[in-house]
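Structure record follows, encoded as structure tokens.
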Ligand SMILES: [Zn+2]
């Protein structure tokens, strides 16, 4: 460990507060903004693994799919899709149980892939083999471990997987709005 010693200059000057983040030693908005920015934007090495995967996000934003589906993909990969398990976490009076099958909590994985209702849609598609296994913990793990290593993200299968996931989600939202088959 390096120890830095500071000499104290002699004299009877009173102590004073100094802003140490710029040369003028007085507060300015630019240096204040930098503090605030770094408070909310941690250095990359301190971020969660999910944020460190720059290649994943770069590839995702380059995909030739509508922007709203990219945003949807970002949400499921970050675990931010408002499936019932997520909303229950914030609003305790909302049941987390899947309203379609009534069998399990509606996690994002259950909602998009594992609910029997969703499985039927995937099984009828040409990319049924790309559905994550029930042991897969998160959409991010699925994408990082199963899709990225195998697929060129410009390939039709990756694109189709995201579009199908989005269509499943849209169908669920539509049913909720119309209150069909959910009670
Ligand atoms: Zn279900």
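For segment 49-178, what relative contact order do you get, as a whole percent, if you take Cα pairs closer than 8 Å and at least 6 residues apart?
26
For each of 37, 27, count neighbouring Cβ atoms within 10 Å of the residue's Cβ, then give the residues from fewest to most.
37, 27
Sorting 65, 76, 35 on the 10 Å Cβ count, fewest up front, what's the list?
Ranked by crowding around the Cβ, least crowded first: 35, 65, 76.
Translational D (Stokes-Einstein, µm²/s) of segment 49-178 at 10 °C and 1.306 mPa s when Rh comes from the Kirkwood sum over C-alpha pairs?
Taking Rh from Cα pairs, D becomes 105 µm²/s.
Based on the mean of other beta carbon atoms within 10 Å per residue, what is the order of 166-175, 119-128, most packed first?
For the peptides 166-175, 119-128, the packing ranking is 166-175, 119-128.
How would you rank 29, 131, going from fewest to most other Cβ atoms within 10 Å of each one's own Cβ?
29, 131
Just so you know, all these numbers are worked out from the coordinates, no wet-lab data involved. This one's a predicted model, so the numbers in the text were calculated from it and none came from an experiment. For neighbour counting, all protein chains shown are included, and Cβ atoms are generated from backbone atoms with ideal geometry for every residue, glycine included.
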